[in-house]
Each structure stands twice: as structure tokens, then as C-alpha cells.
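Let me give you the structure first, and then I'll get to my questions.
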Amino acid sequence: MSEASASGLLAGKVAIVTGGGSGMGRASSLLFAREGAAVLVADVNDDGGAETVARIRAAGGRAEYVHADTGSESAIVSMVAYAARTMGRVDALVTAAGISYSNAVEHDETTDPFRHPDAGFILNKPTARWQKVLDVNLTGVMICNREAARQMIAEGHGGTIVNFASIAAYGPAPNIADYCVSKAGVVMLTKCFAAEVGRAGIRVNAVAPGPIETGMTQSLIDMGRLQKQAAGLPLGRTGQPEEVANVVLFLSSPQSSYITGKTIGVDGGTYTI
């Protein structure tokens, strides 16, 4: 969606976007701002987060940045409190932050399961590496959902939550069992939260991206594996972060007012055939 076609779907709203410093989180942050939301961009990548904020402000939007490790409960609690204190309220949460393997943020190629399959093989994987992926991708998402929902209820209005699952939630992939399990958990977590907070006017949904060109998939792009995967899909191509952001916006806007507990695949038709 271009700036010219923005229709103010989120005018007056305040949104928290974790992982907003790059990829699909950045695309969601920029789109939300164009649609009228004030955005708290949260990330561990300070340079990336600052760039997202700068882009929003340059276009006339309102945004702030906070360093937040979604593997840390105290960081998440502080993040939500900061949003409420500095931006006045919390209406929407997008949990785009995630890691494909335990040392992904550090760009540790020796433990990259795509470049070094033996490092990802489940029999070789130390428990600490497994746990870190679940801490960020699943437990961290749960805490983000919980704290945002608590804030929305305390403020006396409803809200929206959009979690990031993955097509990996629906089919095992070699050497990334921790990632697959974490994303399968997000699908069920989304349903559970939707069932429990719906009466408070809070809708909780998720997106399950497929082969999207982001920094997280760079290893697969470099090896040609993402392109090969996409070539076999009904749409026959990889996706862009903005295509996922469009669905995140839909699930966060009044256009999806009677949808909750659902995970929508943004995947070029993966598992369609």
C-alpha cells in the first residue's frame, strides 16, 4: 500500500511492533504508521529500530523506539509500560520478533542449521539452544500477548493482537525442530488467547508466512533454496515483507472485526496442493 492509498484504518491507535527493526516487522511498522497509528518499534537491533522510526517520522508519522529482548520477561513488561506511558494507550500488538536458530541474532554461522545441518540436527542440539528458540518464539510471544492484553483491559477498551507463526508450524523441516515446535505453539497460543480475552473485545490472530525474502531467510536465499521452494508453489515465487504486512494490517483493522483465533497463511499457496 502506498502512502497515496492510505485510508486511515488505524487512525488514533497506538501499536507495539516487536521485531520492528527489519523484515516483516519493519514493513508492518511502516504500513501501520501510514494508516494513522503511532508505533512503538521494539527490537534488539538498535540501528534497525532507529532506521524504522526515522522512516516513519520522515513521512510525517509518530514513532518511538525501545530496545526489547522478547526472550526476557522483564524487558517485555517494561516495553508495554513504556508504550502506555509515552504514547498514552495500547490498541494493537504485533509480535514479529523471532529467531530461526539460537544464535541467529549474533549471526553465528557455525550454528546456522541451514549452512551447517549437523549443527541443527536434533540429536546434536544442546538443550540451551533449543530453549532459547522457545523462549523467544513462544514464551516471549505469550508474555507479549499477556502484558498487552492486561494493558488493554486496564484501559477499558478492546484491541488487536497479531502473532507471527510460520508454515513451519504445519510441517517438519530438517534441522530446525525447535523453530517448527515454537511456531506450532504460536498457532495454538493464538487460539487460546482468542478464547480467553474475546469477551474483553480483544481479537487475537496470527499470520503464517511462507518463503518470504527477509534477513532471516538470507542463508536460504544465498544457497538458492528459498527460490527452489517457492518455484514449486502455486504462485511460483517468493514473497515480500510488505505482502505479509498487508495481512497483518487487515487483522489489526476494523475490516476483520469478526475474525479471531485464526492463523492466515501468507505463503504463496503452500500446502494448497
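The values are calculated or read from the model by the stated rules, or taken from the named source; none is laboratory data. Computed from a prediction, not measured in an experiment: that's the story for all the values here. Positions of Cβ are generated from backbone atoms using ideal geometry, with glycine treated the same way; all protein chains shown enter the neighbour counts. When the accessible area is computed, the model is the full protein with side chains, heavy atoms only, and any ligands, DNA or RNA have been set aside. Shrake-Rupley method; radii C 1.70, N 1.55, O 1.52, S 1.80 Å.
Using protein chains only and a probe of 1.4 angstrom, how many square angstrom of I143 are accessible, to the nearest 10?
Approximately 10 Å² of I143 is accessible to the 1.4 Å probe.
What are the ³J(HN,Hα) couplings of segment 126-132, residue after residue, when phi is run through the Karplus curve with 6.51, -1.76, 1.60 and θ = phi - 60°? Round to Hz, x for glycine and proline.
Along segment 126-132, the couplings run x, 4, 4, 5, 4, 5, 5 Hz.
To test your reading of the geometry: what angle, between 0 and 90 degrees and rounded to tens, separates the Cα axis of helix 46-58 from the longest principal axis of the chain?
40 degrees
Another question, then. Using the Cα centre of segment 1-121 as origin and beta-carbon charges of +1 (Lys, Arg) and -1 (Asp, Glu), tell me which of G36, I16, A63 is placed farthest towards the positive end of the dipole.
With unit charges placed on the Cβ atoms, the residue in question is G36.
With a point put 7 Å past each Cα toward its Cβ, work out how far R237 is from S257 in nm, to one decimal.
3.4 nm
Report, to the nearest 10°, how far helix 177-197 tilts away from the longest principal axis of the Cα atoms in the chain, using its own Cα long axis and a range of 0 to 90°.
30 degrees
Please report the accessible area of H157 (heavy atoms, 1.4 Å probe, ligands and nucleic acids excluded) in Å², nearest 10.
40 Å²
Follow-up. Could you order Y170, Y82, Y179 so the one with the most accessible surface comes first? Probe is 1.4 Å.
I get Y170, Y82, Y179, largest accessible area first.
List the relative contact order of the chain as a percent without decimals, with contacts defined as Cα pairs under 8 Å and 6+ residues apart.
So the answer I get is 18 percent.
Moving on to the next point. Taking the Cα centre of segment 9-118 as the origin, how large is its charge dipole in debye, to the nearest 20, when only Lys and Arg (+1) and Asp and Glu (-1) carry charge on their Cβ atoms?
On the way: 9 positive and 14 negative charges, 168 e Å.
Roughly 800 debye, rounded to the nearest 20.
Can you give the FRET efficiency for H116 and V77, using 1/(1 + (r/R0)^6), R0 = 35 Å, r = Cβ-Cβ distance, to the nearest 0.05?
After rounding to 0.05, the efficiency reads 0.45.
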